[in-house]
Amino acid sequence: MTASGVVQTVLGPIAPEDLGPTLMHEHLLCDIRRPSQRTPEALGPELSLGNVWAIDYGTVKRAARNYLLDDRRVAEDEVALMIEVGGRSVVDLSCGGLSPDPPGLVEIARATGANVVMGCGHYVHDYQAEANATRDVEDFAEEMVEALEDGAWGTDVRAGIIGEIGCQAPWTVQERRVMMGAVLAQRQTGAAINVHPGRHPDQPQEVADFIRVKGGRMDRVIISHVDRTIFDADRLHRLADTGCVLEWDLFGQESSFYPLADIDMPNDALRLRAIRSVIERGHLAQVLISHDICYRSRLVRWGGHGYGHIFANVVPMMRRRGFSESEIDAILVDNPRRLLTLG
Ligand SMILES: [Zn+2]
């Protein structure tokens, strides 16, 4: 059984009040190289001042190494910097397909004092193990329940949230089976589900409708990556009307070039405008923000903004743009606390 009324961190359960300001979608240790790039020869150059901009932008220079966060010491330093500027807790959503490392997360939590909550389940189809092709819904559900109740990936370190459950556009049959498994696991454990939607503006709605029809608890379903997926108010408001939680989780990623899709990536100010529009419609309890750091070039160590960016830079911008203290607290403290409290 999962303990009800607590937040399950990698070091064990804590009282929800102890979470504090929380980043709901990050990766501390993660391998997001495409499976075909996962060879030592394909790593490319180490990042340095002379190449980091070009590698980050990604049109001329590529380095697979940029997509690999595999150094616990670096992660500890980066989390310590987040704590210095007011962050307290981090959710690591490196699930199946992204090289999850529960003992690594335990070490980072111990070394830094941050609360670290771990995800479970499986990322997008193209990253999943071949064995997933023949697994059924119940098998996926059972695996996620076990991760939440006993421990994940062969360890006794328990997950505290389901996800990020990956979807591509078009959505594959295998991904639907994983998502159905997530809905069943939510029913049994009360955990929130984080969804990584496909890169088509209608995909988040497709997933949300699926989860609603299958009996998921919409107030405990988080749709990630709204900022790279939905660019019009109609779609945004229709999605909010399902009751799901909307996550703008690419804060700090402000490059006009986005290698994964030809979109107009918003900057942080435009993200805040979109958030304002849903708050004005009464959806404050459905808003989350985070950075979704999964590249080296976004870490302070390699010239990036790091996990502290929201606390150091975005919160002051929110104040300048008229967000009240209670709205900021709702987004960074109250909503994460409600979503991470099991039951
Ligand atoms: Zn994602």
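Rounded, prolate or oblate: pick one for region 161-201, where a ≥ b ≥ c are the square roots of the eigenvalues of its C-alpha gyration tensor, a/c under 1.5 means rounded, and failing that, prolate if a/b is larger than b/c, else oblate. Note, shape of region 161-201 comes out oblate.
Counting only Cβ charges, +1 for Lys and Arg and -1 for Asp and Glu, the dipole size of region 206-324 around its Cα centre is about 420 debye. Percent of Cα pairs in the chain per distance bin of 10 Å, from zero to the largest separation: 6, 28, 38, 25, 4, 0.
More than 25 angstrom separation, counting every C-alpha pair in region 93-200; what % is that? Every Cα pair in region 93-200 considered, those over 25 Å come to 16 percent. Ranked from largest, the principal axis spans of the Cα set of region 190-304 equal 44, 28, 25 Å. Rg/Rh, computed from the Cα trace of region 1-127 with Rh as the Kirkwood radius, has the value 1.02.
Each of the peptides 116-127, 251-262, 98-109, 224-235 was scored by the mean count of other Cβ atoms within 10 Å over its residues; in descending order, highest first, they stand as 116-127, 98-109, 224-235, 251-262. Overall, region 80-159 carries a charge dipole of about 500 debye about its Cα centre when +1 sits on the Cβ of Lys and Arg and -1 on the Cβ of Asp and Glu, all other atoms neutral. Charges were assigned to the Cβ only: +1 to each Lys and Arg, -1 to each Asp and Glu. The resulting dipole of the chain about its Cα centre is roughly 620 debye.
The portion of the accessible surface of region 10-88 made up by carbon and sulfur, rounded to a whole percent, is 55 (1.4 Å probe; DNA, RNA and ligands excluded). Between the listed residues 267, 236, 186, the Cα displaced farthest toward the positive end of the dipole of region 150-294, a dipole computed from Cβ unit charges relative to the Cα centre, is found at 186.
Remark on residue 121: its backbone amide H falls under 5 Å from those of 96, 163, a criterion applied only to residues 5 or more positions apart or on other chains, H modelled at 1.01 Å from N. As a fraction of the 1.4 Å probe accessible area of region 236-343, surface on carbon and sulfur atoms comes out at 49 percent. Each part reduced to its alpha carbon centroid, region 140-174 and region 220-253 end up 22 Å apart. Each peptide among 52-58, 39-45, 157-163 gets the average number of other Cβ atoms lying within 10 Å of its residues, and from highest to lowest they stand as 157-163, 52-58, 39-45.
The values are calculated or read from the model by the stated rules, or taken from the named source; none is laboratory data. These figures come from a predicted structure and were not determined experimentally. Please note: Cβ atoms are built from the backbone with ideal geometry, for glycine as well, and neighbour counts cover all protein chains shown. All accessible areas refer to the heavy atoms of the entire protein, side chains included, with ligands and DNA or RNA removed. Shrake-Rupley method; radii C 1.70, N 1.55, O 1.52, S 1.80 Å.
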